[in-house]
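Each value in this text was obtained by applying a stated rule to the coordinates, not by laboratory testing. Note that the structure is predicted; figures quoted are calculated from it, not measured. Counting neighbours? That spans all protein chains shown, and the Cβs are built from the backbone with ideal geometry, glycine included.
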Amino acid sequence: MSGIWTQVAPLPAGARVVALCLAESRPSVLAVSSLRYLTGVALALPITSIADSVMVVQGGVAWVTSIFAIYLFNGVTDTVEDRINGSGRPIARGDLHPRTAAAVAAAAAALALLATAGLPLAMTWIIAVNLGLGYLYSGPPSPLKASPGGTVIVLMLSGLLSYLAGFTVATAGAGLVAPTELVVFTTAAICWMVLVGVPAKDLSDIPGDAAAGRRTLGVRIGESAARRVMVTAAVGLLVAFCVAVAVLDARLVGVLVAMAAGVAAVVVAGTRPAGQGRGGSDRRARRRSYEAFMATQQAVHITAVLSNI
């Protein structure tokens, strides 16, 4: 029997730490960050013949590594509220020591900068500014994540940098003017992050945020009002995006369809009662809106990339 039933060998210590750090940095966020970068590349293709596949991959590695460092550091600084909110990420559940995660985050930040060697100089500055924003968002002495205004500023700037990074690498820093499709898409995507994503994410974290002294939208106005803000913003953004696509004749009809489906999902999740459960089940119910928001982000970016390559 011992020859038939074998145990899978545990991961070596170093590999286990890396796996835990990846889980802490939220793989879904890393995936969306990759898609934002690739969208910047894809929507630049109609106006450039310079794009080099090796440079595109290198730039993508630099960008995603910077996001990994930022979100891992954010997990370190969110330990208290994550535990109150019942988060299942490695630091909150005690599987990853905050000091270890902080060291890995610092190393990843350095690697992200090193990975820009040979790319346009503008890319090095983009990564450096993004890392700076990540520290200002989570780090002492006055983390910007403590207020809705600070959160919005960081999200807008970091979102803009993600598309700018893809555009810069695709055009080899040639100073070309961004096409209408990229401008319209970037504007809509950043508004989606800020106006829909921020209230959606806050819904499941209100108790922990309040205990940590963070004045998020959900803490300030309550869950029900935050849901109404999210739903109204999603519908309003869809209407504005539709008008922009029509008036500017932007080739983003497929993206518009994907966003319409996503808005419908957000509206359904946002108007459905969170449930009467306690603990983890209640938190999972409150995360439905955020899951719909994230799925919509993925859908619109994948559609934009596939329709332009």
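Based on alpha-carbon atoms only, what is the radius of gyration of the stretch 56-149 relative to the globular estimate 2.2 N^0.38 Å?
1.16
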(request) Kindly provide the helix-only [θ] at 222 nm of the chain, computed as the sum of -39,500 (n - 2.57) over DSSP H runs of four or more divided by all residues, to the nearest 500 deg cm²/dmol? (result) -22500 deg cm²/dmol
(request) Could you pull out every residue, at least 5 positions away or on a different chain, whose amide H is within less than 5 Å of the one on residue 91? Hs are placed 1.01 Å off N in the peptide plane, and Pro or chain starts have none. (result) 96
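From the Cα gyration tensor of the stretch 112-192, with a ≥ b ≥ c the square roots of its eigenvalues, which class applies: rounded if a/c is under 1.5, or else prolate if a/b is larger than b/c, or else oblate? Could you put the intermediate results ahead of the total?
On the way: a/c = 3.80, a/b = 1.33, b/c = 2.86.
Because a/c hits 1.5 or more and a/b fails to exceed b/c, the stretch 112-192 counts as oblate.
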(request) Assign unit charges at the C-beta atoms only (+1 for Lys and Arg, -1 for Asp and Glu), then state the dipole size of the chain relative to its Cα centre in Debye, rounded to the nearest 20. (result) 780 debye
(request) Output the direction-averaged projected area (hull surface divided by four) of the convex hull of the alpha-carbon atoms of the chain, in nm². (result) 18.7 nm²
(message) If I take the Cα coordinates of the stretch 41-100 and project them onto the principal axes, what are the three extents in Å, biggest first?
(response) 51, 21, 15
(request) Normalising by the residue count of the stretch 36-138, find the relative contact order in percent from Cα pairs under 8 Å and 6+ residues apart. (result) 36 percent
(message) Among the complete DSSP H segments of the chain, which ones combine at least 18 Å of alpha-carbon extent along their axis with a mean Kyte-Doolittle hydropathy of -0.5 or more?
(response) 27-42, 53-77, 98-114, 121-138, 148-170, 223-248, 253-271, 288-306
